[in-house]
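Participant: Sharing a structure here in structure tokens format.
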Amino acid sequence: MSKQRKWNPLEPFARTSLALALLLWLASTASALALSADEIVDRANQASYYAGKDGRADVTMTIQDASGVERVREFTLLRLNEDQVKQKFYAYFKAPADVYKMAYLVWKNGTSDDDRWLWLPALNLKKRIAPGDKRTSFVGSDFLYEDVSGRSPQDDEHVLVEESATQYVLENRPKDPSSVEFSRYLVTIDAQTFLPIKAEYYDHSGQLYRRVEALQVETIQGIPTVVLSQASDLIRGSITRNAFSNVRYDIGLDERIFTERFLRRPPREVL
Amino acid sequence: MKLALTNASLKRPLLTLLVVAVATVAFLLQFPRVNFDNDPENMLSAQEPVRIFHHEIKEKYALYDFVIVGIVNEEDPAGIFNVATLQRIDTLTRQLLYLQQGSDGLPEIRLPASSGQPERVQPLNLTPASAWLRLLNRAFNHDPNRLFTEQGRSAIIAHEVISPSVVDNIKQAQLGSLKLEYLMEHPPQTPAQAREIRDDAMNNPLYRGTLVSEDEKAICLYLPISAKSYSYNVATLVRELTRDWPQSDRVLITGLPVAEDTFGVEMLIQMATSAPMAGVAIFLLLLLFFRSLSLILAPMVVAVVSVVCAMGLLIGLGYDVHIMSSMIAIFLMPIAVADSVHILSEFYDVYHRFNNKAQTVRYVVGHLFQPMLYTSLTTIAGFASLAFTPIPPVQVFGLHVAFGVAIAWLLTMTLIPAYIMLFVSQEKLAQHPIASQKPDETSLLMRVLGWLGQVCYTASGRILVLALLLLLVAGYGISRIAVNDNPVKWFTAQHEIRVADRILNQHFGGTYTAYLTLAEVRPDACNCEEKAQRIESEARARFGSLFPQYTETLIQRLHQLSDQQRSVQGCDVNQCFYLLLQQARELDDQAFDGWNRLADEINYLDSAGLTLDWLRSALQAVAAESPLEVAHLFAALQADAGLRGEALLEQALAQCEKQMGQTFSAFVLEMQAETTAPPFKRPEMLRYVEELQQYLQGVGQVGKTSSAVDALKKAAYELSYVAPPTDADAAEREHYAALNRSHFAVPATAAATAQVFVQLEGMKKKDSLFHLVTRDYREANLWVQLKSGDNRDMEEVVAAVQHYLEQHPAPQEIKARWAGLTYLNVVWQDKMVKGMISSLAGSFIVVLVMMVLLFRSLTWGVLAMLPLTFTIALIYGLIGLAGKDYDMPVAVLSSLTLGLSIDFAIHFLQRARELYRKTGNWKTSCEAMFHEPARAISRNALTVSIGFTPLLLAPLVPYKTVGFFLATIMAVSWLATLMILPALLTRLERYVFRLPGEEEEIQL
């Protein structure tokens, strides 16, 4: 849990309850049945998608096809947490030159459908994208929209299948199997950071067809952060790597940045 | 010497029999290892450049061979777009997507649970109900449930299936938003929903004419399969899954892979039925001629053993049984029978002279050794010459038939004598009435032959003139021969594959696929100077008057960088642009600082209740730093004084943008995008492809072409679509419609093109764009659908494209190449025709040389060649006149003709010379010729012709062709031998016959 908590240190009751919570936590980690599968998933979800109040990162996305041909895209990703669930994302493209200034805006609404907008500078065109399948490729890469914004823990049933001092392995089965292309996926979660280290997806015939991995984790502003991630399409043989740099949290992003107006004129100071 | 083999088997008949039996069993043991190959692609060697290229293209664009499933509904008023049919299509699609291998190894369909519905499992077993088909499947190692790769994956590449349920659709949705989903995301529940699916499909250039027919009566599913050899089973699976569909929804399955694979399966059935039936027919005919079972049993054994040996060798050597080699039995049988029939026939004729089996055999073999050796050698030469064609399956076929002929000869020399020694009883021979072996002068055949002999002598001139006339006609016919083939046409017109092919090609743009690939020729071209020139003039035009000094600074840097590139090896354009961009950013900081600050400030303002005055006060701080810019802005905004809130803010931002024009850095990036764009992101190249497609649409057999440009135009249209206001009148609506139509085009700049392409890259069906363009946009692939798979039609399209490309050079040099199964067929066909002609010419010369050696005379050698020359000319003339395509079976027939017709001529000329030696004059000899010798030749001809009539019943055209032409060849070469040769001999008596003393003995 990296969510910052504010409390009044002068409030004795708060201090007591903190001490109590700490004690309880210590007690619970001592036992093997410390955390339920749902709790682990929740914490993993928080760790990987909700770190800080807001954040930014420069992303270098390298899409390598089966024959080894590479396409590189560079964009800046801004994120703002609205509450425990709702988030807003802003992706601003810098390279290659032909997509310079292209921008995406996504409002993740949690229980209801996401809102999405798109800005194509060369066509002087702002377009809203109707809610649709979130499991479609993010700008042609092997990452899905859902990988970028997070899959709701409520969409799957989770079972803890393996637990060690260093990691948890969870098996996740979709509640509505016909709505997704996988029948289940296994996620390995680091027991210290709660960051998902590896997710392996199996199709409806039981074949492994997709893998998403965190290849490198760094602690930035005290927050364990994935700085190199990789998605592999095991059927087509393509691999996408996202390298994150200039990661910063809690930079005080203005909520107005995440509006249509800023698609046309990006917030220069944070890009 | 020549009797060595025969003597050995006469001495040890049992041992001979045993050796033959052991050898036969040894060859027979190879049979279970049989592997069938019905892929016409293998007509080309695996190293063939066009084949390698074809596979590169398949790999590069992730293309697969398709099983095409057409669903046609001509009864419903809504055509195919009625609720029930679309629901069925959706169900079928899902069933095919969720095909998997059950725990018992059999296929099963496991539909995942969906809201309210539990998981459903449908076990399948495609084993046919008919016991006969099951037996055949077992015999030929064909598993009808083989639908999975060795790794257990479905043979259907699920993620590449093309069906309304799983192809992308971009459409307008509420509030001017854009919806990206599948064309039939959910099966329709109401006619209105069905109509919506229809409209979406019809409005997509990639789907109209490919996925849905323009008459709205048919939908095609394209099922990509991991290997062509699955296509027959996949077709069976589809038939099984649609068995309970109503009559009104017709399911038609076609596509080259299915045709080829189905052909292979039916070929096996033909091998198992036609060849034995032909054997039986020959047997019955021989029985009719010789009326002695014991006599004709031996030739049948010879035929069967030679076929077994030839096929056993082929399988043992690891060759696949291809369509050509499946006909080995049919080709080999008549040839194998002929020699032994000659021996036995003569044996019975002369037995009474010796009254001793061994002595009679020695006499007969001694007598017939040379003609038999030569007829066998010429046949071997004819078939072996096929080894020089460039087509591997034809080489294998030719060599193995040659091997079989050699075996047949060997058996005739050994097995027949052994057979006589063991199984023909002396008593029976003694009882055998000698008279019956003499020609029965009253039989129809003998009367016809007698008449023919007279005519040939008395009307020799007229016969020769007639022959010459026929040759002239044949020459004309040959000039009209059209080389053509089409695997679908290997089926008879009523076959379900032909029917499906016909109906689907009426409805759709065509079910035959070819790929036209366009690739840039010089991918590494740098053209630094050219680029610098363009950038310089652009920069002057845009910034020259506004920022003359900054513009010069930028241009200076530009040339400095460009010059550096010339001096270093290679060139890194992107590095150049990066450095130029640094310069541009510096300039921006100086030139646009004020405006940028101003625009940023406005950007963050709250638009609620904003007025001009409020804006003025909000910008006071900025005004202190950039007074000029702020003043400029408010001067411009005076015209829109009435604007409030968000509109005012937008207007203010727009004014800032306008004043700034573009920044230097944006300009540099734009120039980078435009000047370094790969060919298929360049608008001018894409428009060129568009024009090429328009041209192709007008070319004969092309029904439809699809390219990345179609996808691009559709996406650009939908992205830019502006809905008319709800209260708009007709004129306004038309204005909007026209505006929207103008966006159904290639965007104006490379950057715009690239940005639309990025949207297409992120569609729901991943990577579907990359079937049409490579990921680096340096190569493009046009999917050309043809309504006919005839090679001739494909050739026409190839020629038309070549012509177009020459007449209309592309804006940037490109190389166009073809791939696809339809095109591959053209290539091997062309090779086959040329190969056959040279192989025929080669074997013709070899046989001529043999004849000259045999007859020790050039004249006689040439004479021997005449009937077969006449036959080949006439047959091919007939093919040309009848408009029958010159295809593979027809091409191979030439070698058969060569091998069979020469036999008649050898026997005829040899006997003629013998008789002349005895009688001393041609008139008497000629008469005698038309008794026993002519009868033997006629019987042989009849055996072969009639023996192969069962082939006419086959449902496969190549078998019919072979059956028909074998009969015709026999008839023609029989007539040519019995008419042209005697007529010529009559005319040339003085020149060709020498006095008995002068003539050399033909036998050694």
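Participant: B:LEU981: in a helix (DSSP H, G or I), of a type in the set (A, V, I, L, M) and either in contact with a strand residue (DSSP E or B) (Cβ under 9 Å, 6 or more places away or on another chain) or surrounded by fewer than 19 Cβ atoms within 10 Å (Cβ to Cβ) (or both), yes or no?
Facilitator: no
Participant: For A:THR188, are the conditions met, namely being away from chain B (no Cβ under 14 Å) and on the phi < 0 side of the Ramachandran plot?
Facilitator: Yes: the conditions hold for A:THR188.
Participant: Pick from segment B:497-544 the residues that are within 19 Å of the chain's Cα centre (by Cα) and in a helix (DSSP H, G or I): which of them is farthest from B:ALA816 (Cα to Cα)?
Facilitator: Per the criteria, the residue is B:VAL499.
Participant: Sort out which residues of segment B:27-71 are in contact with a Ser or Thr (Cβ under 9 Å, 6 or more places away or on another chain), more than 11 Å from B:LEU824 (Cα to Cα) and in a helix (DSSP H, G or I), and write them in order of number.
Facilitator: Matches in segment B:27-71: B:ILE57, B:GLU59, B:LYS60.
Participant: What number goes with the only condition from (1) in contact with a strand residue (DSSP E or B) (Cβ under 8 Å, 6 or more places away or on another chain); (2) within 14 Å of chain A (Cβ to nearest Cβ); (3) surrounded by 16 or more Cβ atoms within 10 Å (Cβ to Cβ) that B:ALA723 does not pass?
Facilitator: All conditions pass for B:ALA723, except number (3).
Participant: So B:MET333 passes all but one of these: (1) free of Cβ contacts under 8 Å to residues at least 12 places away in the same chain; (2) under 22 Å from B:SER945 (Cβ atoms). Which condition number does it fail?
Facilitator: All conditions are met except number (1).
Participant: Would you mind finding the one in B:LEU648, B:LEU610, B:LEU633 that is more than 60 Å from the chain's Cα centre (by Cα), away from every other protein chain (no Cβ under 14 Å) and buried (at least 19 other Cβ atoms within 10 Å of the Cβ)?
Facilitator: B:LEU633
Participant: Still on this model: Which of the residues spanning segment A:216-271 are assigned to a loop (DSSP other than H, G, I, E, B), within 11 Å of chain B (Cβ to nearest Cβ) and not β-branched (Val, Ile, Thr)?
Facilitator: Of everything in segment A:216-271, those that are assigned to a loop (DSSP other than H, G, I, E, B), within 11 Å of chain B (Cβ to nearest Cβ) and not β-branched (Val, Ile, Thr) turn out to be A:ARG236, A:GLY237, A:ASP254, A:GLU260, A:ARG265, A:PRO266, A:PRO267.
Participant: Oh, and also: Which of the following residues is more than 14 Å from chain A (Cβ to nearest Cβ), surrounded by 18 or more Cβ atoms within 10 Å (Cβ to Cβ), touching a strand residue (DSSP E or B) at 6+ places or on another chain (Cβ under 7 Å) and on the phi < 0 side of the Ramachandran plot: B:PHE81, B:PHE66?
Facilitator: Of the residues listed, the single one that is more than 14 Å from chain A (Cβ to nearest Cβ), surrounded by 18 or more Cβ atoms within 10 Å (Cβ to Cβ), touching a strand residue (DSSP E or B) at 6+ places or on another chain (Cβ under 7 Å) and on the phi < 0 side of the Ramachandran plot is B:PHE66.
Participant: All but one of (1) within 29 Å of B:ALA158 (Cα to Cα); (2) within 14 Å of chain A (Cβ to nearest Cβ); (3) in a loop (DSSP other than H, G, I, E, B); (4) not β-branched (Val, Ile, Thr) hold for B:ALA745; which doesn't?
Facilitator: (1)
Participant: So, B:ALA338, is that one buried (at least 21 other Cβ atoms within 10 Å of the Cβ), over 24 Å from B:LYS11 (Cβ atoms), free of Cβ contacts under 8 Å to residues at least 60 places away in the same chain and aliphatic (A, V, I, L, M) or not?
Facilitator: Here the answer is no, as B:ALA338 does not meet what is asked.
Participant: Can you confirm whether A:ARG236 is of a type outside the set (Gly, Ala, Ser) and either under 17 Å from A:ASP142 (Cα atoms) or under 21 Å from the mean Cα position of the chain (by Cα) (or both)?
Facilitator: yes
Participant: Output the residues belonging to segment B:752-810 that are more than 14 Å from chain A (Cβ to nearest Cβ), without any contact (Cβ under 8 Å) to a residue 60 or more places away in the chain and among the polar types (S, T, N, Q).
Facilitator: If the condition is that a residue be more than 14 Å from chain A (Cβ to nearest Cβ), without any contact (Cβ under 8 Å) to a residue 60 or more places away in the chain and among the polar types (S, T, N, Q), then B:GLN802, B:GLN807 are the ones that fit.
Participant: Here is a further query. So which residues in segment B:157-197 are among the polar types (S, T, N, Q), in contact with an Asp or Glu (Cβ under 9 Å, 6 or more places away or on another chain) and over 18 Å from A:ASP114 (Cα atoms), if there are any at all?
Facilitator: Result: B:SER163, B:SER165, B:ASN169.
Participant: From the list B:VAL847, B:VAL833, B:VAL890, B:VAL862, which one is touching a Gly at 6+ places or on another chain (Cβ under 9 Å), on the phi < 0 side of the Ramachandran plot, β-branched (Val, Ile, Thr) and part of a helix (DSSP H, G or I)?
Facilitator: Exactly one residue qualifies, and that residue is B:VAL847.
Participant: Still on this structure: Would you pick out the residues in segment A:97-145 that are assigned to a loop (DSSP other than H, G, I, E, B) and either more than 22 Å from the chain's Cα centre (by Cα) or at the interface with chain B (Cβ under 7 Å from one of its Cβ atoms) (or both)?
Facilitator: Listed by number, the residues that qualify are A:TYR100, A:LYS101, A:MET102, A:ASN124, A:ALA130, A:GLY132, A:ASP133, A:THR136, A:PHE138, A:VAL139, A:GLY140.
Participant: Name the residues in segment A:170-188 that are surrounded by fewer than 17 Cβ atoms within 10 Å (Cβ to Cβ) and either part of a loop (DSSP other than H, G, I, E, B) or β-branched (Val, Ile, Thr) (or both), would you?
Facilitator: A:LYS175, A:ASP176
Participant: For B:SER537, are the conditions met, namely being surrounded by 20 or more Cβ atoms within 10 Å (Cβ to Cβ), among the hydroxyl-bearing types (Ser, Thr, Tyr) and closer than 16 Å to B:THR675 by Cβ?
Facilitator: Here the answer is no, as B:SER537 does not meet what is asked.
Participant: Hey, can you tell me all the residues within segment A:148-168 that are within 13 Å of another protein chain (Cβ to nearest Cβ) and either within 15 Å of the chain's Cα centre (by Cα) or buried (at least 16 other Cβ atoms within 10 Å of the Cβ) (or both)?
Facilitator: Residue satisfying the conditions is A:VAL148 alone.
Participant: Further question on the same structure: Taking segment A:43-97 as the region of interest, how many residues are over 23 Å from A:GLN221 (Cβ atoms), of a type in the set (D, E, K, R) and buried (at least 21 other Cβ atoms within 10 Å of the Cβ)?
Facilitator: Within segment A:43-97, residues that are over 23 Å from A:GLN221 (Cβ atoms), of a type in the set (D, E, K, R) and buried (at least 21 other Cβ atoms within 10 Å of the Cβ) number 2.
Participant: Of the conditions (1) surrounded by 16 or more Cβ atoms within 10 Å (Cβ to Cβ); (2) within 11 Å of another protein chain (Cβ to nearest Cβ); (3) touching an Asp or Glu at 6+ places or on another chain (Cβ under 7 Å), B:GLN101 satisfies every one except a single condition; which number is it?
Facilitator: (3)
Participant: If only one of B:VAL465, B:VAL499 is within 30 Å of B:TRP828 (Cα to Cα) and surrounded by fewer than 20 Cβ atoms within 10 Å (Cβ to Cβ), which one is it?
Facilitator: Residue meeting the stated conditions: B:VAL499.
Participant: Can you find even one residue in segment B:860-870 that is farther than 30 Å from B:GLY477 by Cβ and hydroxyl-bearing (Ser, Thr, Tyr)?
Facilitator: Checked against the condition, which is being farther than 30 Å from B:GLY477 by Cβ and hydroxyl-bearing (Ser, Thr, Tyr), segment B:860-870 yields no hits at all.
Participant: I would also like to ask the following. When you look at A:ASP113, is it farther than 19 Å from A:LEU253 by Cβ, free of Cβ contacts under 8 Å to residues at least 12 places away in the same chain and surrounded by fewer than 20 Cβ atoms within 10 Å (Cβ to Cβ), yes or no?
Facilitator: no
Values in this text are rule-based calculations from the coordinates and carry no lab data. Being a predicted model, the structure only gives us computed values, none of them experimental. Ideal geometry is used to build each Cβ from the backbone, glycine not excepted, and the neighbour counts take in all protein chains shown.
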